[in-house]
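Below is one structure, written out as structure tokens; comments come after it.
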Protein chains: 2
Amino acid sequence: MKRTRQITIREIAAKAGVSIGTVDRVLHNRGRVSTETREKIEALVKKFGYKPNPLARHLKLKKEYHFFILSPYRDEDSGYWGMVFNGIQRAAEELSPFGIRISFKEFDRYSRDSFWNTARSISPDDCDGLLLAPIMPSEMIRWILELPPSIPYVFFDATLPETSPITEIGQDPYSGGFLAGKLLCLFALRERGTYCVIAPHSEDYHIKRRIEGFLAFWANREGYWPEVRTCADMDHRETREEFLNTLLKDIPDPKGIFVANASVHSVAETLNKGNLSHIPIIGYDLVPENERLLREGLIDVLISQRPAYQGYQAVYQLYRHVVLQQEIQKKIPVPIHLYFKENLLPESSPDLEYEETMFVFAD
Amino acid sequence: MKRTRQITIREIAAKAGVSIGTVDRVLHNRGRVSTETREKIEALVKKFGYKPNPLARHLKLKKEYHFFILSPYRDEDSGYWGMVFNGIQRAAEELSPFGIRISFKEFDRYSRDSFWNTARSISPDDCDGLLLAPIMPSEMIRWILELPPSIPYVFFDATLPETSPITEIGQDPYSGGFLAGKLLCLFALRERGTYCVIAPHSEDYHIKRRIEGFLAFWANREGYWPEVRTCADMDHRETREEFLNTLLKDIPDPKGIFVANASVHSVAETLNKGNLSHIPIIGYDLVPENERLLREGLIDVLISQRPAYQGYQAVYQLYRHVVLQQEIQKKIPVPIHLYFKENLLPESSPDLEYEETMFVFAD
DNA sequence: GAAAACCGCGTTAACGTTAACGCATTCTAT
DNA sequence: ATAGAATGCGTTAACGTTAACGCGGTTTTC
């Protein structure tokens, strides 16, 4: 398959026996072309697979592409969103020669008002693309549907039904939950008994899927009992401790605990206070607090969603779609990356760039 | 920090009171400029941080950038290199609008002649960048040193001393080995005894580091005995079986086995024939044969080096350096990605794009 | 029935960079 | 002394795309 040079607008014009102006008018639907000529040109464009040269186009247009990221405050979810921002920032820097500009729009993920105020502050006229996390699902969907359909958007972290993103970036939550089960079982040396999964109270679809994956691991295993508990509010010490007390009263000797999101550090800390730090515990996301407890041995495994990678990919794929008009994969998978105590960097590292510097070569 | 538009050559020229031609001559060291003028221009360039617009430059030059990948035959190392090629191919397609072209140069990794013939077939005049794997270290270094120093190159998979690559892409082998130890220990339910690591006979520095990491895990653990064995030739059944027979005579009841490269499938298969499939076994790389045995339960864990990702990154970073003249990180870390039987795709999938489609969302 | 609007198309000037070319001077060699 | 080379600079034509503009010719409007 010989790779041949891309055909130019000038060559199309020559073949059609018209000027480049006419071809351009066809290409951009600017009218003022006879049906006959239009069809001839359209046929040629198709036949030779004409694609406008993105460099020349950009040079001429000098267009700035303005992307917005709409996400929870960077310090919410134990700092998880801040880690996403780092990847976005890096992509923005790399792509700045191509006119990419990014604005960060943050809201309080527990306040509808905050969501709407922030969302509404994004002017559709000035927006060439959106990076979205599937937070506040019902509100988010409503907002997306009232947006001009010309605005492309990508989802990271997961996706939402009834929407048509350019691409979805995210990790398979089912596999993650399954793996959590498997690792928990190993850490408990395959002891029979009850294994708990603590679910935050959340409408998140992918947290549900993590739990399904976890349960799937235990299905058909004789003598093992998975137990799902939903905590109404992980963020406040009182509710959390009460929740855990009840849990431990019901199940005095859990063989392992899986916390299906980043708040695993609160669970581990509470457990530690009750001298129960021997119970294997697995959770999500290498946020600073979790990292500390992993290092101290109070958490056994963390599943990373590679937030910086996701942020980077979100920007890059949006750029590929909007600027280069290239075809984008409908789904960008994120590898399930496991952190144990032993594959953390030895020194306290700048957590900002943690994901980037995570693995070092020996010298 | 207000982001302001990049200054253009025309503006520099105006400020210096000369024509753009003169500025261009300074920028490209084409001479024919008085020292006085040159210095004035150089000062202005520095002051305003002038960077040539990569799009305009490319548009004018219509330059094709020709990169070469010099690697072992794509089916060597159980098909590992072929997986790298897939990532390279994808990057090449994405970057083709920017004039990136890639040629694959393959050699037999066990033949010096093959190496030299292939390496010598790359004409330095036609080469704008190289993708290299640190195979045949001493030869490779010699070849690199006799190359014109103007040719940039990146290493993937690992790196080599005495060279100055643009960047090094690779996984921390020490962490990988350490993790292999940890997981093996868990799979053996922490039973005391001897744990083996099988090392291929290889000059590869990063295989040595994997072993060091593995040994580091066992250090100071009472009652656990790590045992390193080097196999002269993993590729031939006879040598392999003799090697394993000797090993099992010396160590009749190993608690677990770590194979420090992709040939873990041969070990697992031989073990299976001897009815020893209960021994936990961990190895490297999700090549087709390994995938099959993982699926069948004859291998317990595979550490993936994400070859497609590495190939993709190698091309992309080279492009960023050569075409965009952007600053590149000196090291691109590759996450340690673990595959268990359970996080493989259920159906037989096209192994070509395995790494890309690995994780699926539920629908 | 004249003015205005419209149609279908070609021409052209950018966008920023590059390098060939041209044109005076000034220097070098015979 | 003078051809010829070298110096120091400005001018210009690309690269491919875009969109404003212009221009004859037809159709509509009042």
* To do: Calculate how steeply helix A:307-322 sits against the longest principal axis of the alpha-carbon atoms of chain A, using the helix alpha-carbon long axis, and give the answer as 0 to 90 degrees to the nearest 10.
  => 20 degrees
* To do: Over chain A, give the accessible area per residue in Å² for a 1.4 Å probe, as an integer.
  => 45 Å²
* To do: Starting from the Kirkwood radius over alpha-carbon pairs of the range B:133-279, derive D by Stokes-Einstein at 10 °C in a medium of 1.306 mPa s and give it in µm² s⁻¹.
  => 94 µm²/s
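Under the √(5λ) rule applied to the eigenvalues of the Cα gyration tensor, what semi-axes describe the equivalent ellipsoid of the protein assembly as shown? Give them in Å, descending.
Semi-axis lengths for the protein assembly as shown are 47, 35, 24 Å.
Looking at the range A:9-52, I'd like the Rg to Rh ratio, where Rg is from alpha-carbon atoms and Rh is Kirkwood's inverse mean 1/r.
That ratio equals 0.90.
Determine the order of B:Glu222, B:Glu39, A:Glu291, B:Glu227 by accessible area, beginning with the largest, at a probe radius of 1.4 Å.
Sorted descending by solvent-accessible area, the residues read B:Glu222, B:Glu39, B:Glu227, A:Glu291.
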* Return P(r) of the range B:200-240 (all Cα-Cα pairs; 5 Å bins starting at 0; whole %; ordered from short to long distances). => 5, 20, 21, 20, 16, 11, 5, 1
* Asked: To the nearest 20 debye, what is the magnitude of the charge dipole of chain A about its Cα centre, counting +1 on the Cβ of each Lys and Arg and -1 on the Cβ of each Asp and Glu?
  -> 2420 debye
* To do: With a point put 7 Å past each Cα toward its Cβ, work out how far A:Asn29 is from A:Lys47 in nm, to one decimal.
  => 2.5 nm
* Flagged links, alpha-carbon separation over 22 Å, of B:Lys255/B:Lys341; A:Lys63/B:Lys60; A:Lys63/B:Lys51; A:Lys105/B:Lys331; A:Lys182/A:Lys341; A:Lys63/B:Lys46 -> A:Lys105/B:Lys331; A:Lys63/B:Lys46
* Asked: Mean residue ellipticity at 222 nm from the helices of chain B, using -39,500 (n - 2.57) per DSSP H segment of n ≥ 4 over the full residue count, to the nearest 500 deg cm²/dmol?
  -> -13000 deg cm²/dmol
* Structure fact -> Check: C-alpha center the range A:31-69 vs C-alpha center the range B:128-180, spacing in Å is 42 Å
* Kindly give the distances from B:Arg142 to its copy-mates, label point to label point, with each label point 7 Å from Cα along Cα→Cβ, as nm values to one decimal ordered shortest first. => 7.3
* To do: Between copies, how far apart are the B:Pro52 label points? List them in nm, one decimal, shortest first, with each point 7 Å from Cα toward Cβ, please?
  => 2.6
* Asked: Any idea what the B:Asn117 label distances to the other copies are, label 7 Å down the Cα→Cβ vector, nm, shortest first?
  -> 7.3
* When the Debye formula is applied to the Cα atoms of chain A, each taken as the same point scatterer, what base-10 log of I(q)/I(0) results at q = 0.09, 0.13, 0.14 Å⁻¹? -> -0.61, -1.04, -1.15
* Straight-line reach from B:Lys273: which aspartates and glutamates have Cα under 20 Å away, leaving out those fewer than 8 places along the same chain? -> B:Asp233, B:Asp235, B:Glu238, B:Glu241, B:Glu242, B:Asp250, B:Asp253, B:Glu289, B:Glu291, B:Glu296, B:Asp300
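The values are calculated or read from the model by the stated rules, or taken from the named source; none is laboratory data. Bear in mind the structure is a predicted one, so any value in this text is a computation, not a measurement. Please note: Cβ atoms are built from the backbone with ideal geometry, for glycine as well, and neighbour counts cover all protein chains shown. Areas reflect the complete protein model, heavy atoms only, side chains present, ligands, DNA and RNA absent. Shrake-Rupley method; radii C 1.70, N 1.55, O 1.52, S 1.80 Å.
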